[in-house]
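Report on one structure; see the data block that follows.
No lab work stands behind these numbers, since they all come straight from the coordinates. Just so it is clear, the model here is predicted, and its values are computed rather than measured. Note: ideal-geometry Cβ built from the backbone for every residue, glycine included; neighbour counts use all protein chains shown.
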Amino acid sequence: LKDLKGFYLPGRDSNRWLDMIGLLAVFGTLAAVLGHGLIRLVLKRGRKQA
Amino acid sequence: MSARRILIFTRIERFLHWTQMLLVITLLFTGFGIHGFHDLLDFEAAVTWHTGSAIGLLLLWVFAIFWHLTTGTWRHYIPTTNGLWQVARYYAYGIFKGEHHPYHKAYWRKHNPLQALSYLALKLLLFPAIWISGILYLLYGFRGTATAGELLMWVALIHTAAAFAILVFVIIHVYLLTTGDSFKEHVMPMINGFDEVDLTAEEEAYLEQDEPDHIL
């Protein structure tokens, strides 16, 4: 089944571009929320000391 | 106007929310397994679990839509720009300065405007994209054709794209739970149902008179 062409086989075929954009969106979002959270944490500490 | 602790998520809503959560997590996990991102389940088991939880979720949604329409609860999701900018500005800026959240829950508005808009987009765009493509995907096998050509590829692309978008929603949704005074305080309303809500004098009188166990 691995070498048969001309049809879409779930689990074997996927669109490279879609996967790249999707993973970028997922990890980008993870990085964004972690960054957002980190800035909150740092600024909160700064406020407490001030 | 007075702020009171009232029941904002009834037992039905909490049941819908957490059952949906379990099914969505199962679907994401098995779905990305089928897609080939991980090998933690063998293909056949992943497909069985994926199909089973998909049917479960579709049934849950039919019930949830019926419930929202008959109880009028759908109104919480009507989009509004009133206060939308203030909430967006808060998450982009004010939150870092330690400002308080600009939005207060109201009896007929239990979500902030940005939240209502996000949930509406999830329910009207992402969920239909995933279930329509998912049903087409399922039915393809029953058509008795050996060749799954161009059409199945598009169905698969839409299904996968919607899955990525739903995962992005889940990440942001969980992160935003940490933005309140505490994570626990933010999750509790979906566990015990109660949260602080600004009530008009009429709403307060109504609840005390007719729904005394819905107001503390």
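What is the Cα centroid distance between segment B:64-136 and segment B:154-216, reported in whole angstrom?
9
Checking the table A:K48/B:K105; B:K97/B:K123; A:K48/B:K97; A:K44/B:K184 against a 23 Å threshold on Cα-Cα, which pairs fail?
Values: A:K48/B:K105 28 Å; B:K97/B:K123 33 Å; A:K48/B:K97 12 Å; A:K44/B:K184 19 Å.
Exceeds cut-off: A:K48/B:K105; B:K97/B:K123.
Based on Cβ point charges of +1 for Lys and Arg and -1 for Asp and Glu, what charge dipole magnitude is obtained for chain B about its Cα centre, in debye rounded to the nearest 20?
Details: 13 positive and 18 negative charges, 90 e Å.
Around 440 debye, computed over chain B.
Return B:H68, B:H104 ranked ascending by Cβ neighbour count within 10 Å, so the fewest neighbours appear first. List each step's numbers first, then the result.
Working: B:H68 17, B:H104 14.
Ascending number of Cβ neighbours within 10 Å: B:H104, B:H68.
From the residues B:T51, B:L139, A:A32, which one has its Cα farthest along the dipole of the protein assembly as shown in the positive direction, the dipole being from +1 and -1 charges on Cβ of Lys/Arg and Asp/Glu about the Cα centre?
Positive-most Cα among the choices belongs to A:A32.
Could you size up the charge dipole of segment B:92-216 around its Cα centre, putting +1 on the beta carbon of Lys and Arg and -1 on that of Asp and Glu, and report it in debye to the nearest 20? Intermediate results must be reported in sequence, preceding the final value.
Values: 7 positive and 14 negative charges, 211 e Å.
My answer is approximately 1020 debye.
Tell me, what is the FRET efficiency for B:L176 and A:L9 to the nearest 0.05, using R0 = 35 angstrom and their Cβ-Cβ distance as r? Before the final figure, lay out each step's value.
On the way: r = 38 Å, r/R0 = 1.09.
With a Förster radius of 35 Å, E is 0.35.
Treat every Asp and Glu Cβ in the protein assembly as shown as -1 and every Lys and Arg Cβ as +1, leave all other atoms uncharged, and give the resulting dipole magnitude about the Cα centre to the nearest 20 debye.
Working: 22 positive and 21 negative charges, 174 e Å.
Its charge dipole is roughly 840 debye.
What full-extension length gain, to one decimal in nm, is calculated for B:H100 and B:F66 as 0.36 nm per residue of separation minus the Cα-Cα distance?
Numbers: separation 34, 0.36 × 34 = 12.24 nm, distance 3.60 nm.
Additional length available on full extension: 8.6 nm.
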